[in-house]
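Data first, discussion second: the structure below is written as structure tokens.
The values are calculated or read from the model by the stated rules, or taken from the named source; none is laboratory data. Here the structure is a predicted model, which is why all the values come from computation and not from measurement. Cβ placement follows ideal geometry from the backbone for every residue including glycine, while neighbour counts extend to all protein chains displayed.
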Amino acid sequence: MKLKLTLLAAAISALALSGCDQKQTTEQTDATPTATSEAAPTTDQASVSGAAGDPDVIAKTNELFEQQFQTHVNRSPEFKTFLGIKEDYGKWDDISPRFEKETHEINKRQLETLKKIDPAQLDEATRLSLELAKRKLEQDIESWKWRLHTYPVNQMYAAHTSVASLLINQHRVDDVSDAEAYISRLNGLPAYFDQLIENLKERADKGVVVPKFVFPYVISDGKNLITGAPYDDGKDSTLYADFKGKVDKLEISDEEKSALIEQAKTAMLESVKPAYENLIDYLGELEKKATTDDGAWKLPDGDDFYQHRLNVYTTTDMTAEEIHQKGLEEVERIHNEMREIMKQVEFDGDLQEFFEFMRTDERFYYPETEEGKQRYLKEATALIDTMKGRLDELFITKPKADLVVKAVEPFREKSAGKAFYQRPAPDGSRPGIYYANLYKMSSMPVYQMEALAYHEGIPGHHMQLSIMQELENVPSFRKFGGYTAYTEGWGLYSELVPKEIGFYQDPYSDFGRLAMELWRACRLVVDTGMHSKKWTREEAIDWLAENSPNPHGDVVKAIERYIVMPGQATAYKIGMMKIVELRENARQALGDAFDIREFHDVVLANGAVPLDVLEELVNNWVAEKKGN
């Protein structure tokens, strides 16, 4: 396929690179030194220095990357927390339109600075960084015109649940000042939610309102967070329990602990509760404006917006129609492979009947009990531990960070996705986490457990994202950025690789692997169907239910996810197909000289890149191996 030089803006732990530290805005950006200052050599001089580039220019360019990255870090208290930096620890990001516009202007100035750098003066690694940096900024700038086409509050990601997730999972409390910063953040929620409501109003004025089905989810999530003590007589609420648990571990007197907990209780009653109630009330009003039209086509210039999102997420120039047709082809191929498994297990019936058997037979599901959930977590952990012992067969570079398996927290399990991964803290203080959503065990079939563990854990997201974060001599923006087609393409590819070294011995588990790949192929069809071909939510649900073995609840939740995140779901299969294509091309070109470990190192050692850049990197490796 023809690939386009497009770039997905960095998606970092669901945190935008914006913040509320007003001391760090245009002044720092304007003062940033360029790599083409008077001290830098001319192009002619650089050519004399050879392919290695000019060391002075290379050093200044890499310094510039760090300064530009730091400009955005300094503007985001939430991203600082993600990075383990305890500055602005008691603040939330500034999400106002004014601040957003300021970020846009900074991006434009940063791009102009990068354009002044002569690539001929750089070595290969820095040239790649320069290309990626420019393309990231170009993408961010291009996306500016679509900034109001997003849904800041939806069932997949929402400001009112992400703040709780940040406090619970990322806000460490190592001393009294950290606890006080936690309390400060609790007291900061009214102002933060006021900005959120204004953003929702601005979108509503433009005709951008999340579909009607979303509101019961997000309103319920908000109410869950202000249920329990100290808001009522129930058990401790989610945040109250989290704060008390963290303070209890501090080595301070009981009196000091009690004082901190009392301050948090006051903040929850006087700040957190009113903030959530105000937001919930507004969401109730906004719901009256919502419709049952679900596709991106309903938005202003919706077709152009959707094509933009496809370009961004897949890092290709594939059209909606091309993606739709590719999805139909892949669905047919995988269905045929599933029929082979039906023969293997001697199932008497057609594919639809086999799907129904896999959906309903009790052997494939653990009970809806605490014991059933713990069994799932224990076995998923064991699968990952077994895979760890086989990594040397597949990889040269391996992550230093550990990986743990956890259930999605109760406050967000009803609306959260089926499974997801959270990166480790860069400073090693927090491991990578594979989250399994065990809200309904009937949506987590055992036959998919193996593929899911490999995708979210090892050799999937944990390998790729942790290695990227741990890369040395790579600019920070490349360690913490991302391209969905690359990242999720690797995750899906990682479901296949274990099959090739002898895993999935149980044919039903191998069916689960195919079911997971089929799920991603079906996404190509239903995502483009809804957002380009104007399929309704119900039509998409019916099609996905007919063509996949997943339980009905799984299907509904998936379709609702694709509705609020146009284009995102297409990236998985597009990325996987490109990685497999590049691997097989390399294998054919190199013959006996092909080494799967070296191939994986080429794919992972540069961090996340667009698919066309990945193709160039693999082709260069093949040429070097052949001595060309």
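Within the range 533-551, restricting attention to residues that are in a helix (DSSP H, G or I) and touching a residue at least 12 places away in the same chain (Cβ under 8 Å), which residue is surrounded by the most Cβ atoms within 10 Å (Cβ to Cβ)? Of everything passing the filter in the range 533-551, Ala540 is surrounded by the most Cβ atoms within 10 Å (Cβ to Cβ).
Helices (runs of 4 or more DSSP H) fully within the range 472-532 that include at least 2 residues being among the hydrophobic types (A, V, I, L, M, F, W, C) and over 18 Å from Gly460 (Cα atoms): 507-531. Scanning the range 327-346 for residues that are within 13 Å of Pro549 (Cβ to Cβ) and of a type in the set (Val, Ile, Thr) gives Val331, Ile334, Ile341. When the test is whether a residue is in a loop (DSSP other than H, G, I, E, B), in contact with a strand residue (DSSP E or B) (Cβ under 9 Å, 6 or more places away or on another chain) and either modelled with pLDDT of 95 or more or among the hydrophobic types (A, V, I, L, M, F, W, C) (or both), Val210 passes it. Of all the residues in the range 255-281, those that are under 13 Å from Ile226 (Cβ atoms) and among the hydroxyl-bearing types (Ser, Thr, Tyr) number 2. When Ala164, Ala158, Ala181 are screened for being within 26 Å of the chain's Cα centre (by Cα) and closer than 18 Å to Gly245 by Cβ, only Ala164 passes. Among the numbered conditions (1) in contact with a Gly (Cβ under 7 Å, 6 or more places away or on another chain); (2) farther than 30 Å from Arg172 by Cα, the only one that Asp93 does not meet is (2).
Give the range 596-612 a look and list any residue that's more than 20 Å from Glu500 (Cβ to Cβ) and crowded, with 21+ Cβ neighbours inside 10 Å, or say none.
Of everything in the range 596-612, those that are more than 20 Å from Glu500 (Cβ to Cβ) and crowded, with 21+ Cβ neighbours inside 10 Å turn out to be Gly607, Ala608, Val609, Pro610, Leu611.
Taken together, Tyr217, Tyr276 contain a single residue that is aromatic (Phe, Trp, Tyr) and farther than 24 Å from Arg147 by Cβ, which is Tyr276.
The numbered conditions (1) within 18 Å of Leu279 (Cα to Cα); (2) at pLDDT 95 or above; (3) not in a helix (DSSP H, G or I) are all true for His171 except (1).
Tell me which residues, restricted to the range 595-628, are more than 28 Å from Thr570 (Cα to Cα) and either free of Cβ contacts under 8 Å to residues at least 24 places away in the same chain or touching a strand residue (DSSP E or B) at 6+ places or on another chain (Cβ under 7 Å) (or both). Matches in the range 595-628: Asp595, Ala623, Glu624, Gly627, Asn628. Within the range 32-80, the set of residues being in a helix (DSSP H, G or I), at pLDDT 95 or above and polar (S, T, N, Q) comprises Thr61, Asn62, Gln67, Gln68, Gln70, Thr71, Asn74.
Of Asp175, Asp242, all but one fail to be touching a residue at least 40 places away in the same chain (Cβ under 8 Å), crowded, with 16+ Cβ neighbours inside 10 Å and either charged (D, E, K, R) or in the same structural domain as Ile433 (by TED's automatic domain parsing) (or both); the exception is Asp242.
Only one of the numbered conditions (1) farther than 30 Å from Ile559 by Cβ; (2) buried (at least 17 other Cβ atoms within 10 Å of the Cβ); (3) modelled with pLDDT under 95 is not met by Met156, and that is (1).
Report yes if some residue within the range 479-492 is assigned by TED's automatic domain parsing to the domain that holds Phe364 and free of Cβ contacts under 8 Å to residues at least 60 places away in the same chain; otherwise report no. Within the range 479-492 (the criterion being assigned by TED's automatic domain parsing to the domain that holds Phe364 and free of Cβ contacts under 8 Å to residues at least 60 places away in the same chain), the answer is no, since none of the residues qualifies.
For the range 298-327, a residue qualifies if it is under 15 Å from Met530 (Cα atoms), loosely packed, with under 15 Cβ neighbours inside 10 Å and touching a residue at least 40 places away in the same chain (Cβ under 8 Å), and the qualifying residues are Asp303, Glu321. Taking the range 232-349 and the helices (runs of 4 or more DSSP H) fully enclosed by it, the elements with 1 or more residues that are under 30 Å from Ile219 (Cβ atoms) and among the aromatic types (Phe, Trp, Tyr) are at 238-248, 273-287, 302-314.
Every residue, every condition in (1) farther than 24 Å from Arg537 by Cα; (2) touching a residue at least 40 places away in the same chain (Cβ under 8 Å); (3) in the same structural domain as Tyr89 (by TED's automatic domain parsing), yes or no:
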{"residue": "Ile168", "(1), (2), (3)": "yes, yes, no"}
{"residue": "Leu186", "(1), (2), (3)": "yes, yes, no"}
{"residue": "Lys206", "(1), (2), (3)": "no, yes, no"}
{"residue": "Pro211", "(1), (2), (3)": "no, yes, no"}
{"residue": "Lys223", "(1), (2), (3)": "yes, yes, no"}
{"residue": "Thr227", "(1), (2), (3)": "yes, no, no"}
{"residue": "Asp233", "(1), (2), (3)": "yes, no, no"}
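Set side by side, the residues Ile396, Ile458 differ, and just one is crowded, with 24+ Cβ neighbours inside 10 Å, modelled with pLDDT of 95 or more and either farther than 28 Å from Glu581 by Cβ or of a type in the set (Val, Ile, Thr) (or both), which is Ile458. Against the test of being touching a residue at least 12 places away in the same chain (Cβ under 8 Å), outside any loop (DSSP other than H, G, I, E, B) and on the phi < 0 side of the Ramachandran plot, the options Phe395, Phe411 yield a single qualifying residue, Phe411. Of the residues making up the range 561-586, those that are charged (D, E, K, R) and touching a residue at least 12 places away in the same chain (Cβ under 8 Å) are Arg561, Lys573, Lys578, Arg583.
Within the range 220-229, work out how many residues are of a type outside the set (S, T, N, Q) and surrounded by fewer than 19 Cβ atoms within 10 Å (Cβ to Cβ).
Within the range 220-229, residues that are of a type outside the set (S, T, N, Q) and surrounded by fewer than 19 Cβ atoms within 10 Å (Cβ to Cβ) number 3.
Can you confirm whether the range 94-115 contains a residue that is surrounded by 21 or more Cβ atoms within 10 Å (Cβ to Cβ), closer than 18 Å to Phe69 by Cα and charged (D, E, K, R)? Yes; the residues of the range 94-115 include at least one that is surrounded by 21 or more Cβ atoms within 10 Å (Cβ to Cβ), closer than 18 Å to Phe69 by Cα and charged (D, E, K, R).
Assess whether Leu111 counts as being touching a helix residue (DSSP H, G or I) at 6+ places or on another chain (Cβ under 8 Å) and more than 24 Å from Arg203 (Cα to Cα).
Details: touching a helix residue (DSSP H, G or I) at 6+ places or on another chain (Cβ under 8 Å): yes; more than 24 Å from Arg203 (Cα to Cα): yes.
Taking the combined requirement at face value, the residue satisfies it.
The residue that is farthest from the chain's Cα centre (by Cα), counting only those in the range 434-445 that are at pLDDT below 95 and aliphatic (A, V, I, L, M), is Met441. Looking at the range 125-134, is at least one residue modelled with pLDDT under 95, in a helix (DSSP H, G or I) and either hydrophobic (A, V, I, L, M, F, W, C) or surrounded by 20 or more Cβ atoms within 10 Å (Cβ to Cβ) (or both)? So far as the range 125-134 goes, yes, one or more of its residues are modelled with pLDDT under 95, in a helix (DSSP H, G or I) and either hydrophobic (A, V, I, L, M, F, W, C) or surrounded by 20 or more Cβ atoms within 10 Å (Cβ to Cβ) (or both).
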